[in-house]
Structure formats: C-alpha cells, structure tokens
Amino acid sequence: MKKSILLLYVVIFLLQAMLCVPLVYAEAETVTASANTSNQGVEDFIDDFGDLFVGSSASKIDEEVYLGGYPLGITIDGDGVTVIGLNEFITQDGSLCCPAMLAGIEINDVIVELNGRKIYGSAKLSEIAAQSQGRELSLKYLREGVLKETTITPQKDLTAGQYRLGLWTRDSSSGIGTLTYVRKNLKFGSLGHPITDAKGTVIACKNGGVFGCTIDGIEKGQKGAAGELKGSFCFDKRNGNIYANNKFGAFGSFNSLPQFCSELIPVADINEIKPGKAQIYCTLDDNERRCFDIEIVKVTPQTSRDDKGMIIHVTDKELLAKTGGIVQGMSGSPIVQNGKLVGAVTHVFVNDPTRGYGIYAKWMLTN
C-alpha cells in the first residue's frame, strides 16, 4: 500500500513538473465542470489514475452480454424442505404406493436429512431418492419443531422410470423470475430485486439452484391486484447455481452456456438512456420469448448503485391484452433501447399495472 501511495505522488509530481498545472486547480476543474478545457487531458488522467486505487462507482461498462427474457425456476436453499403434498404412484408391479405415507410423513413436516445427507433443497431430495436403487434410507424431519427419525424405502415409478418418495416439497424459498442477461463467463443476473420472505426480509443466500421452467398460465393484473405468471419447475436437471441475492437481483452462474444464448448485445451507460420508446423481452404462456413495446417515462440520474432508476409504461396492445401490464414473474425482463441493454423490469405500480420501475443494467452488472 505504501509503495502504491509513493507511486501516486511520483506520477502527480511529474505531471505538475511537465505541465505546470497545480493539483488543486485540476481537481477544481473536474468538480466544477468549468468551460476551460485546456487542461482536460491532465484532469482525465488524474481521475483515471485515482480510479485504479479507489475504484469508481460511475465508471463506464464496456461489455456485451447475451440477452435474457427467458423464465427461470429459482430456489434458495435453507435448512430443510417442507412437505406440501403426498401422492401415490404406480410401481413396477402395477400397485399404488406412497413411500412417504408408509413412513409416517405428514404435510407440513420439514425434511432436514435423508440417508445421512443434509437437505437444503427439493432437487437434492429427489436426487438421493433416484439413486437409492430401492434401498431403505434413514430420514430425519421436524414436526412442529420437534426432531423425529424414521426410515423410508423409495419405490420405482412405472411412469417416470425412477425411484421416488411420493411427496411434494417446497424449498426454503423458490419462485419464478426472468433472466436479464448472461455474461460470456456464464455468470448471469435476474429479477432486478431481491427474493424476500413473507415479512419482506431479504433471504440470506447460502446456496441456490437454477432450473428450467415452463409458463403454464397467466393471472391478469388489474388495479389494486398484481397479476402473476404461473409456471412449473423442471427439477430433473439443475442448470446452475445462485450465489447472491441482494437489492439488485438474484445472481449466479450456469453450468454451461444455455442454448438460447445466441445474440450478444452491448450494455448502455446510464447517460445514454433517455425517455422515449423502448422494448422489453419476456416469455408468456406460449413459452416463446418475445419483444413488446414500452415507453421509458422517467430516467433518474444515479451516480452510485441504487434501484428504481426508471419508470416504464407498457404500451404494447398484445401484452396489455394478455397480462394487463407488468405481472409477477416478469421481474428481470430486460429493457432494450436503441439496440442496447439498459435495464430490467423490477416492480409494478399496484394501482396501475401498466406502469412500473426498472433498474439500470449497469448496477446489476456490478454484482
């Protein structure tokens, strides 16, 4: 650190000696944005040099990303999974069976361990059962806060062709969101806002998963009641991981580049975004990503990371007819203006579902 500071002083001294420009004058010009530009080169160099040491929250992002607009099934792992249903299925010998019911499992039990392995998500539970080959497994679960133990023997589902437990579970937190972008290094951003619990508290992310998702239906939004995209997860394959959940969205990395990643798009700097026509990309119940017209109504100047940078208005007649505007599940839908990714849809105005907020893509890319 001392060497870095010494190097900084040496460079500044050389600049002053060569150009006879007082350091205080250069800083004042930068702050006041004076019309005198004769020393602009020196000022820019000092600003850029300082950024190397202290960083710059307002630095430009010169990057191309793969455009999102596709639905994601997102889970955030917690301590156990909650049983929300029991189901019988046809086994290889043609009989109906529900292993969970035979093991004494009830709805609202929380499964915390299977075959000696901690359970943080539904996908892991299914994976252990599928690999069991029908062997008896030890199982630990919580019932009304009391830890209990039993054994369970997975049976092979004739239809699915794999061993199952005969139960439906809910992760600590899970839901449907929209992918905003994928970087070339396979890292991605989605949602544009945090995943929270029922009390509105941001859920701490120990780990999480990303799964395929299909949109099965749409609950149309209306004044006073937010609509929703209704979908189902494809738990047979985990496509990636979630490593962060914060004010700016849910962030993770894919195991491999998704097949739909075919087009790169530049990311706009905030000063390039203007009120006016734009587009959002999202997937509805036809399960095809499509482009819809919107208008950026307001652009809020921001020099440091924050959410709600834009107010947008849905103008596309087809989208309005299907959804009424912005609905839950569309969070993260990328906003494009003049061929650049400018942000993502985040919130809807409850009293006017045709309007909502957007976050700048620049802030999402800093995560």
Net charge (Lys, Arg +1; Asp, Glu -1) of residues whose beta-carbon lies under 15 Å from that of T91, T91 excluded, is -1
For R238 the rounded accessible area (nearest 10 Å², probe 1.4 Å, non-protein molecules ignored) is 80 Å²
Expressed to one decimal in nm², the mean projection of the alpha carbon convex hull of region 103-207 is 9.2 nm²
Once normalised by the length of region 231-322, the mean sequence separation of its alpha carbon contacts under 8 Å that are 6 or more apart gives a contact order in percent of 18 percent
Amide H proximity to I294 below 5 Å, modelled H, separation 5+ or other chain, gives A278, Q279, I280, T315
Heavy-atom accessible area of K247, protein chains in place, probe 1.4 angstrom, given in Å² to nearest 10, is 90 Å²
Projected area averaged over all directions for the convex hull of the alpha carbon atoms of region 228-330, nm², comes out at 8.3 nm²
Taking the alpha-carbon centre of each part, the distance from region 292-367 to region 154-231 in Å is 20 Å
Over all viewing directions the Cα convex hull of region 65-109 casts an average projected area in nm² of 6.3 nm²
Within the under-12-Å Cβ sphere about Y181, not counting Y181, Lys/Arg +1 and Asp/Glu -1 give a net charge of +2
The Cα radius of gyration of region 289-337, divided by 2.2 N^0.38 Å with N its residue count, comes to 1.26
So the compactness index of region 74-161, its C-alpha Rg divided by 2.2 N^0.38 Å, takes the value 1.06
Stokes-Einstein, Kirkwood over Cα pairs, region 254-298, 37 °C, 0.692 mPa s; D in µm²/s equals 248 µm²/s
For T169, T303, the accessible-area ranking with a 1.4 Å probe, largest leading, is T303, T169
Candidate cut points under GluC sites (Glu not before Pro) in region 176-266, DSSP loop plus at most 10 other Cβ atoms within 10 Å of their own Cβ, are E263
For T159, T150, T196, the accessible-area ranking with a 1.4 Å probe, largest leading, is T159, T196, T150
Taking only Cα atoms of region 188-273, the Rg to Rh ratio with Kirkwood Rh works out at 1.01
For the table K247/K298; K308/K340; K317/K362, the rows whose alpha-carbon distance is greater than 26 Å are K317/K362
Taking Lys and Arg as +1 and Asp and Glu as -1, residues besides Q131 with C-beta under 15 Å from its C-beta add up to +3
Ranking Y357, Y141, Y66 from most to least accessible area with a 1.4 Å probe gives Y357, Y66, Y141
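The values are calculated or read from the model by the stated rules, or taken from the named source; none is laboratory data. All values derive from a computational prediction rather than experimental measurement. Note that each Cβ is placed from the backbone with ideal geometry, even for glycine, and that neighbours are counted across all protein chains shown. Note: accessible area is taken over every heavy atom of the protein model, side chains too, but ligands, DNA and RNA are not part of it. Shrake-Rupley method; radii C 1.70, N 1.55, O 1.52, S 1.80 Å.
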